[in-house]
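Undergrad: Below is a structure I'd like to ask you about.
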Amino acid sequence: MKILVTGMCGYIGSHTAVELLEKGYEVIGLDNFSNSKKEVLEKIKKITNKAFKFYEGDMIDRNILETIFKENDIKAVIDFAAYKSVGESVQKPLEYYINNVSSVLNLLSVMKENDIKTIVFSSSATVYGNPEEVPIKETSKIGGTTNPYGTSKLFVEKILEDLYKSDDTWNICILRYFNPIGAHKSGLIGEEPNGIPANLVPYIAKVAKGKLKSLNVFGNDYDTKDGTGVRDYIHVVDLAVGHVKAIEKLEKDKKGLHIYNLGTGTGYSVLEIIKTFEKVNNIKVPYNIVERRSGDIDSCYSDPEKAKKELNFKAKYTLEDMLKDAWNYEKNN
Ligand code: NAD
Ligand code: UFG
């Protein structure tokens with residue numbers, strides 16, 4: 001089965017391409033390299049020893065999408081292509097809405113023209129805003145996003161719901177990721193943030209490597225076990241496997257609109273992450289407690305039961321594995 005993977009060279013796309021190829025799916029990639037490097041293509045080949053087709057292009061360009069669908073017998077799409085920096089989205093809302101919403105409208109309309117209605121969409125736990133309850137269920141309230149990035153994900157979820165309402169032969173899976181971290185065991189692919197990382201684990205890895213002096217822990221007065229923010233970290237390879245499970249479900253069901261949390265169900269605090277990183281990698285991570293970061297919440301972790309029941313998905317990697325693999329990638333790159 002041929003699957004178009006948009007944003008294939010990025011962090012989650014590259015790991016998902018590996019899992020799909022290893023499961024025997026035919027992968028057609030699309031990426032404009034706005035946040036990734038061409039070398040990733042070689043690395044995916046090296047890990048899997050499998051060939052795949054790739055198009056360099058922008059999803060905002062309808063022509064490239066039309067060409068891809070004309071030249072390939074695509075049966076399903078996994079859509080990763082988007083900008084993802086929360087802070088940058090506040091500075092550049094139009095760029096974010098164009099790239100994260102308009103490009104998806106292009107994709108969906110070209111899919112419709114070609115009568116291909118099977119899609120897995122990358123959403124985020126950010127759509128829950130400041131959650132009313134933890135663990136967060138798929139039925140928990142969504143909305144109250146505090147930045148254009150989060151709102152762009154909310155908009156696309158709504159668009160997909162409206163599309164399904166208009167035509168129930170669409171076969172849609174919305175995956176709400178919690179906090180993906182770690183890297184492939186090979187150390188060949190991983191997260192490559194531009195400039196100074198905004199996310200916790202890539203920042204810790206740079207501090208451990210000596211590229212940054214110390215970690216700023218944003219607040220220790222949250223309503224959590226030790227006062228620092230609690231999140232549901234999931235190994236990126238587990239997340240990639242979650243996409244294969246979603247495709248398997250869509251292949252079986254043929255139509256429907258499904259929403260799943262992809263997380264482990266366990267929340268760890270910032271201090272627990274630092275302590276575990278230090279222990280498993282035998283390296284010090286100097287840190288200072290500073291002011292809260294605006295927009296941050298106390299706790300965010302998933303109820304992963306629905307994905308377990310309906311997708312047969314359960315994250316298998318531990319926090320120790322995630323932090324070892326994150327450091328292994330940082331050391332090698
Ligand atoms: P990433 O930036 O590493 O990957 C995105 C890829 O898409 C990059 O290779 C980029 O070059 C490409 N891209 C962006 N706009 C494009 C366009 N218009 N046309 C073609 N290619 C384009 O990000 P990621 O962490 O792999 O995230 C993948 C998806 O998952 C995104 O939609 C993101 O919003 C979502 N997500 C990520 C996280 C996270 O913490 N990483 C959490 C929740 C949701
Ligand atoms: N943190 C620090 N110091 C840092 C970076 C982060 O103390 O330098 C803390 C934050 O305050 C938070 C925790 O570490 O408590 C995790 O922060 P991240 O920035 O790594 O992740 P977030 O939970 O804030 O957000 C991430 C993505 C969002 C996505 C969300 C849920 O950046 O896009 O996970 O999936 F929506």
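The values are calculated or read from the model by the stated rules, or taken from the named source; none is laboratory data. Small disclaimer: the values here were computed from a predicted structure and weren't measured. Neighbour counts run over all protein chains shown; Cβ positions are idealised from the backbone, glycine included. Each accessible area value is taken on the protein alone, full model and side chains, heavy atoms only, with ligands, DNA and RNA left out. Shrake-Rupley method; radii C 1.70, N 1.55, O 1.52, S 1.80 Å.
Undergrad: Would you mind counting up the charge near Asp167? Only other residues with Cβ under 15 Å from its Cβ, with Lys and Arg at +1 and Asp and Glu at -1.
TA: Counting the neighbours of Asp167, the net charge comes to 0.
Undergrad: From the residues Ala307, Gly57, Gly13, which one has its Cα farthest along the dipole of the chain in the positive direction, the dipole being from +1 and -1 charges on Cβ of Lys/Arg and Asp/Glu about the Cα centre?
TA: The residue sitting farthest along the positive end of the dipole is Gly13.
Undergrad: At 1.4 Å probe radius, can you tell me the per residue accessible area of the range 167-272 in Å²?
TA: Accessible area per residue: 36 Å².
Undergrad: Would you mind estimating how fast the range 150-252 diffuses translationally, via Stokes-Einstein at 20 °C and 1.002 mPa s with the Kirkwood radius over Cα pairs, in µm²/s?
TA: 126
Undergrad: Between Lys23 and Lys165, what is 0.36 nm times their sequence separation minus the Cα-Cα distance? Round to one decimal in nm.
TA: 47.9 nm
Undergrad: Shifting gears a bit: Using the Kyte-Doolittle scale, which helices in the chain average at least -1.0 and also have C-alpha atoms spread 18 Å or more along the helix axis, with helices defined as whole DSSP H runs?
TA: Once both thresholds are applied, what remains is 148-166, 236-253.
Undergrad: Take the residue pairs Lys158/Lys324; Lys117/Lys245; Lys141/Lys275; Lys70/Lys314; Lys158/Lys252; Lys43/Lys137 and return only those whose Cα atoms are more than 26 Å apart.
TA: Going by Cα-Cα distance, Lys158/Lys324; Lys141/Lys275; Lys70/Lys314; Lys43/Lys137 fall outside the 26 Å limit.
Undergrad: Continuing with the same structure: Which Rg and Dmax, in Å, describe the Cα atoms of the chain?
TA: 19.1, 56
Undergrad: Sticking with this one: How high is the FRET efficiency from Asp221 to Glu132, r the C-beta distance, R0 25 Å, rounded to 0.05?
TA: Plugging the Cβ-Cβ distance into 1/(1 + (r/R0)^6) gives 0.75.
Undergrad: Helix-derived [θ] at 222 nm for the chain: sum -39500 (n - 2.57) over DSSP H runs of at least 4, divide by residue count, nearest 500?
TA: -12000 deg cm²/dmol
Undergrad: If you add up the charges near Ser89, with Lys and Arg at +1 and Asp and Glu at -1, over every other residue whose beta carbon is less than 13 angstrom from its beta carbon, what do you get?
TA: +1
Undergrad: For the range 1-46, with all protein chains present and a 1.4 Å probe, just round the carbon and sulfur fraction of the accessible area to a whole percent.
TA: 47
Undergrad: With every protein chain kept in place and ligands, DNA and RNA left out, what is the accessible area per residue of the range 1-158? Probe 1.4 Å, answer in Å².
TA: Here the per-residue accessible area is 44 Å².
Undergrad: At what distance in nm do the modelled label points of Glu95 and Ala51 sit from each other, each positioned 7 Å from its Cα along Cα→Cβ?
TA: Result: 3.8 nm between the two label points.
Undergrad: Let me ask something additional. Using all Cα-Cα distances in the range 100-149, what percent lands in each 10 angstrom bin from 0 up to the longest?
TA: Final binned percentages: 21, 36, 28, 13, 0.
Undergrad: What is the extension gain from Lys185 to Thr318, computed as 0.36 nm multiplied by their sequence separation minus the C-alpha to C-alpha distance, in nm to one decimal?
TA: Length gained between Lys185 and Thr318: 46.5 nm.
Undergrad: Also: Seen from all sides and averaged, what is the projected area of the convex hull of the Cα atoms in the range 177-333, in nm²?
TA: Answer in nm², one decimal: 10.1.
Undergrad: Which of Ser109, Thr126, Ser166 sits farthest toward the positive end of the charge dipole of the range 56-176, with +1 on the Cβ of Lys and Arg and -1 on the Cβ of Asp and Glu?
TA: Of Ser109, Thr126, Ser166, it is Thr126.
Undergrad: Stretch Lys209-Asn114 to full length: gain in nm at 0.36 nm per residue minus the Cα-Cα span?
TA: Using 0.36 nm per residue and subtracting the Cα-Cα distance, I get 29.4 nm.
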